[in-house]
Amino acid sequence: MTTEKFADVILPLAVEGSFTYRIPEELAGEVVPGSRVIVPLGRRKYYAAIVHRIHTEKPDYKTIKSVVSAVDTRPIVTEHQLKLWDWIASYYMCSMGEVMKSAIPSAFKSDGYSENITDSYTVKTRTHLTFSAAISSEKTLHEALDSLKRAKAQYKALIDLAELLSPVDFGAPGSVTKSDFVQAGHASYPVLKALEAKGFLRSFEKEVSRNEAMEAPIDPMPVLTGPQEEAFRSVRTHFGMRKTVLLHGVTGSGKTEIYIHLIREALDTGKDVLYLLPEIALTTQLIERLRLRFGDRVAVYHSRFSDNMRAECYLQVLEEDREPLLIVGARSALLLPHRRLGLVLVDEEHENSYKQYEPAPRYHARDSALMLARISGAASLLGSATPSVESYFNAVTGKYGLVTLTERYGGVSLPNILVSDIIRSARRGERTSLFNRVLLEELDKTLAAGKQAILFQNRRGFAPYTECGACYFVPTCPHCNVSLTYHKATESLTCHYCGYAVPVPPVCPACGAADLQTKGFGTEKIEEELQKIFPQAVIARLDLDSTRSAKGYSRIVSAFAAGKTDILVGTQMVTKGFDFENVTLVGILNADNMLNFPDFRASERSFQLMMQVAGRAGRRNDRGQVIIQTTQPDHPVILQVREGNYEALFRTQIAERQQFLYPPYCRLVRFTLKHAKKEVLNRAVTDFDRAMRKIFGKRLLGPEIPAVDKIRNEYLCGFLLKIERGKSFAEARRLASEAIRSLLKKEGYASLTIIPDVDPQ
Ligand code: ADP
Ligand code: ZN
C-alpha cells in the first residue's frame, strides 16, 4: 500500500493559515517544495500556488481537493527562501501569501481562472548568423566560394563572415549578430536570405540579457590604508566568531573599499554576496564603482525594473551552475531565490527606508537580511557613519562585533560646521528672505571660487500650507484631514498623502477675500528666493516633484556632477550617495522641523540627517563648510552634530530610551485601525481596546488619534503595544493576532482594516 501524500501550498492571498491538497500519484515526482502547482479554490477558481511542505498528515477537511497540475519541473523558490518567508510572515504578522506576492515577480504569478497558465515572462533574443553544416572545413568553404564567383554580393558576404569568425574549428564556428553584420555593410538581408536558401548559412535566435553587463575593464583593487587594513582584519576576525559586524566609519573613511575587499573574498570562494542599499535609484555612482571592480558579476535588482527585467534577474539568481554573483539592490533584493550566500552587507543600516510600510509584508530589510544570513550560514555586515541606536546598542553590549574607522581617506578633514541662529540674525537685520547673512556670504564665496553648494530642506513644494489673510481659513484635502501644499511650478494646491491637486483658488473659498497667503517654505520657494539673490547662478532643485519623470533624477544629477549647476536645492535626496569633489558648501535651511518632530527617534534622525548632509561637503581636496540655520542653537543634538560626536548622541538617546521604555529596551507594535465611517471606527476602537487590554493591560497605549486622522477617505486611529525585553515577543504577537482575528469576525466589521506594524520606524 502506498501512503497518500499531501502538499501545503502558499496562495497569493492575504489569508492566514495553510491550504492542503492531495498530490495525485502521477504528479508525485513533480510536486516538490518551492515549485508551482495549479490548485482549485472555492467553486470555480484555480490558482498557481507554491508548494510549501510535503507530508503524509491527512487534513481533517470534509473534502480534500487535489493538485490539478504541476507548473514547474524544478523549484522556483529555494529552501532558504521558504524559511525566510516563514520568519517574515510570523515576525511581521502577515500571511505567507503576502510575502509570496512581494517576492515573486508577477511574470511568475497568476491568479488565473483557467488551466492554461503560462509565464508571461518572455526571453529577449537577437538573430545570429553562422555557417551551416555544409561548410564544415576550409575545403568546403572554398568550394562554396567558388560556386559564388558570379554572385558578387553573396561572395563578399561569405568571405567577410569567414574573416570575422576566422573559424579554427569549423565544428564550433561562433556567430555574429545578423543586424550588426548588415549594418556594418557586409551584406544586405536579401543576400543573406539567398545564402541561407543555398544552404551555406544558418541563422538562429540567441538570448540576450536585459541587464546587459558593461564591458568595462576591471580596475585593480586599491591597497587599503593602515587603519582600513586593520578594520578589514577585525571584521574578518568577528566573522570567524560568527558575529554580525557593525562597521562604524565616518563618511569618506573607506567603508565601501572595505566592502569591496570582503566582496572579492566571498566571490573568490564561490559564494554570492547580497549588498543592500536604502534606495537603489540614488546610487548610480556606487554601481559604476562596483562594475569597475567586478564587471559582469554585478547583478542589480530594482523593484522599479520592468517585470521582465525582474523576472530575468530572479531566474539568474535561481540558476544552479553559474558564476557567483554580487547582487546589489534595495530591500526587495532580499527576497530573491538566494541559496549560496557567503556575505550579506547592509549599507547605511540606520536608514528608515529599509522598513516597508505599504503594503504588507511590513518588513525591515536590515533585520530580515540578518535573518537571511543566519539561514544561509553567511557572514553579515552592517555599515553606517551614524548607526541606529539599536544596532549600536547591540555592538556595545557585545552581541555584534564593533569596528570603527575615524579618519577620512586621504587626510581630508571633516567639514567645518557653523551653527547660525535664525532669531538672532533676524533681530540684527542680518537675514534676507530665508537666509542668514553668513550663509549668503558663504554662497557668494563659493560661487566666486567656481565651487558648488548644496542646500537642504526636508520639505518639498513651495509652501506647506496656505491661509486666508482675512478669515484664517486653511484649504485642506477633501479626502485626507491635512492641509494642502502650495506648488508654484504647477500653480496648484496638492495633498502629499493622496496626490489630490486643485488649481489655486483666486479667492478664499470660505470668505471670498482675495488674500490667500503662503505659509512656511519648501524647496520650491528656496529655489525661487535664491534665484532672486543670485540671478547669475544656475540653480536646480532635486526632490520628488522634479524627479517624477523617468530621466528626471539622472538629468539633474549629471548636470550637477558636470559642474553645469552651481547650487542644488533639495530634500533628503541630496543626502544619499552623493560624492562630488567640487561641493564645498552645504546649507541646512531649517533644522527645527526635524528636531521638533513628535517621535522618540526625532533626535537620532536629525543627527543622522544633518551628519549625512554635512558629509557631502569637501569630499576631496578642500575642507568643506557646513552652515546650519536653526532657532535652537543650544539644542543638545545641534551641539553633537557640531562636534560630530556620535558617542554623545548615543549616550543621551539610550538613556532616554531606557527611562521612557523605548527600543532597544522594548519591542513595539503599532496597530492602525481604518474605516470609511467614523462611527464604525469608534466602535471598533472601543472593542479593540477592551480585547487587547484584557491581554496586555498597561502595555497597550492609546487610542491615539494621529495628526492626520483621515487619509484617502478612511478615518484612522492608532494603538501602540510595548513589550519589554525579557518577555516573549512571539507569544505577544500570537495573542494579538488572535484578538484581531476574532474582532474582525464580529458583525459590522467586514470592511474594517487593522494593520499591525512590527518595529515601526
Ligand atoms: P565611505 O564608504 O566610508 O564613505 P569610500 O569607500 O567611498 O568611503 O571612500 C571615500 C573615497 O576615498 C572614495 O572616493 C574612495 O575611492 C577613496 N578611497 C578610500 N580608501 C581608499 C584606498 N585605500 N585607496 C584609494 N582610494 C581610496
Ligand atoms: Zn489627500
Centroid-to-centroid separation of the stretch 520-577 and the stretch 27-63 [C-alpha atoms, Å]
54 Å
Which residues in the stretch 437-458 place their backbone N less than 18 Å from a point set 7 Å from the Cα of Arg424 along the Cα-to-Cβ direction?
437-442
Take Glu581 and Ser106, extend 7 Å from each Cα along the Cα→Cβ direction, and tell me the distance between the two endpoints in nm.
4.5 nm
Straight-line reach from Lys445: which aspartates and glutamates have a Cα under 14 Å away, not including same-chain ones fewer than 8 places off?
Asp566, Asp622
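Before anything else, pin down the relative contact order of the chain: Cα pairs under 8 Å, at least 6 apart, normalised by residue count, whole percent. Can you show the working numbers first?
On the way: 1385 pairs, mean separation 80.2, N = 761.
Answer for the chain is 11 percent.
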How big is the stretch 124-208 in terms of Cα radius of gyration and Dmax, in angstroms?
11.9, 38
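Within 10 Å of each candidate Cβ there may be at most 16 other Cβ atoms; applying that plus a DSSP loop requirement, which GluC sites (Glu not before Pro) in the stretch 653-747 survive?
On the way: sites: Glu656, Glu679, Glu704, Glu714, Glu724, Glu731, Glu738, Glu747; in loops: Glu747.
The qualifying sites are Glu747.
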For the stretch 124-208, what is the charge dipole size about the Cα centre, in debye to the nearest 20, if Lys and Arg each add +1 at the Cβ and Asp and Glu each add -1 at the Cβ?
340 debye
In Å, the C-alpha Rg and Dmax of the stretch 6-108 are 12.9, 38
Got a sec? Which residues in the stretch 130-149 would a label at Arg202 touch, if it sits 7 Å along Cα→Cβ and we count backbone N under 14 Å?
130-137
From the residues Leu381, Leu516, Cys480, which one has its Cα farthest along the dipole of the chain in the positive direction, the dipole being from +1 and -1 charges on Cβ of Lys/Arg and Asp/Glu about the Cα centre?
Cys480
Have a look at Ile287, Pro220, Leu735 and report the one farthest towards the positive end of the charge dipole of the chain, computed about the Cα centre with Cβ charges (Lys/Arg +1, Asp/Glu -1).
Leu735
Farthest toward the dipole's positive end in the chain, which of Met309, Gly410, Phe204, given Cβ charges of +1 (Lys, Arg) and -1 (Asp, Glu) about the Cα centre?
Met309
Distance (nanometres) between label positions extended 7 Å along Cα→Cβ at Asn645 and Lys139
8.9 nm
Could you state the accessible area per residue of the stretch 6-108 in Å², with a 1.4 Å probe and every protein chain left in place?
45 Å²
How many nm is it between the label spots at Lys698 and Phe600, if each spot is 7 Å from the Cα in line with the beta carbon?
1.5 nm
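Among the chymotrypsin sites (Phe, Trp or Tyr not before Pro) in the stretch 17-76, which ones are in a DSSP loop with at most 11 other Cβ atoms within 10 Å of the Cβ? Mind listing them? Don't jump to the answer; show the numbers that get you there.
Working: sites: Phe19, Tyr21, Tyr46, Tyr47, Tyr61; in loops: Tyr61.
Qualifying residues, ordered by number: Tyr61.
Pick out, in residue order, every one of the chymotrypsin sites (Phe, Trp or Tyr not before Pro) in the stretch 225-324 that is DSSP loop and has at most 16 other C-beta atoms within 10 Å; say none if there are none.
Values: sites: Phe232, Phe239, Tyr259, Tyr275, Phe294, Tyr301, Phe305, Tyr314; in loops: Phe305.
When the chymotrypsin sites (Phe, Trp or Tyr not before Pro) of the stretch 225-324 are filtered for loop state and at most 16 Cβ neighbours within 10 Å, nothing remains.
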List the residues, sorted by chain then number, that are 5 or more residues from Thr584 or on another chain and whose placed amide H is less than 5 Å from its amide H.
Gln452, Gly618
Alpha-carbon centroid distance for the pair the stretch 699-761 / the stretch 606-672, whole angstrom
30 Å
Over the stretch 226-404, what is the relative contact order in percent, taking alpha-carbon pairs closer than 8 angstrom and at least six residues apart?
35 percent
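With viscosity set to 1.306 mPa s and temperature to 10 °C, compute the Stokes-Einstein D of the chain, Rh being the Kirkwood radius across alpha carbon pairs; µm²/s, no decimals.
Values: Rh = 30.1 Å.
Here the translational diffusion coefficient equals 53 µm²/s.
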Based solely on C-alpha atoms, express the radius of gyration and the Dmax of the stretch 226-404 in angstrom.
15.3, 46
So Arg734 and Lys156, fully extended at 0.36 nm per residue minus their Cα-Cα distance, gain in nm 200.5 nm
For each cysteine in the chain, check whether another cysteine's C-beta sits under 4.7 Å from its C-beta; list those where none does.
Cys94, Cys313, Cys498, Cys666, Cys717
Counting only protein heavy atoms, what percent of the accessible surface of the chain is carbon or sulfur at a 1.4 Å probe?
51 percent
Give the separation of the Cα centroids, the stretch 224-302 to the stretch 131-148, in Å.
53 Å
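Given contacts defined as C-alpha pairs under 8 Å and at least six residues apart, what's the relative contact order of the stretch 453-532, whole-number percent?
Working: 148 pairs, mean separation 30.6, N = 80.
The value is 38 percent.
How big is the charge dipole of the chain about its Cα centre, in debye rounded to the nearest 20, if each Lys and Arg gets +1 on its Cβ and each Asp and Glu gets -1 on its Cβ?
1320 debye
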If the limit is 18 Å between Cα atoms, which of Lys101/Lys576; Lys698/Lys727; Lys152/Lys198; Lys156/Lys198; Lys355/Lys677 go over it?
Lys101/Lys576; Lys355/Lys677
Along each principal axis, Cα extent of the stretch 666-758, largest first, Å
40, 29, 18
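The values are calculated or read from the model by the stated rules, or taken from the named source; none is laboratory data. In this text the structure is predicted, and so the values were computed from the model without any measurement. Cβ: placed from backbone, ideal geometry, glycine included. Neighbour counts: every protein chain shown. Just so you know, the surface numbers come from the protein's heavy atoms only, side chains and all, with ligands and any DNA or RNA stripped out. Shrake-Rupley method; radii C 1.70, N 1.55, O 1.52, S 1.80 Å.
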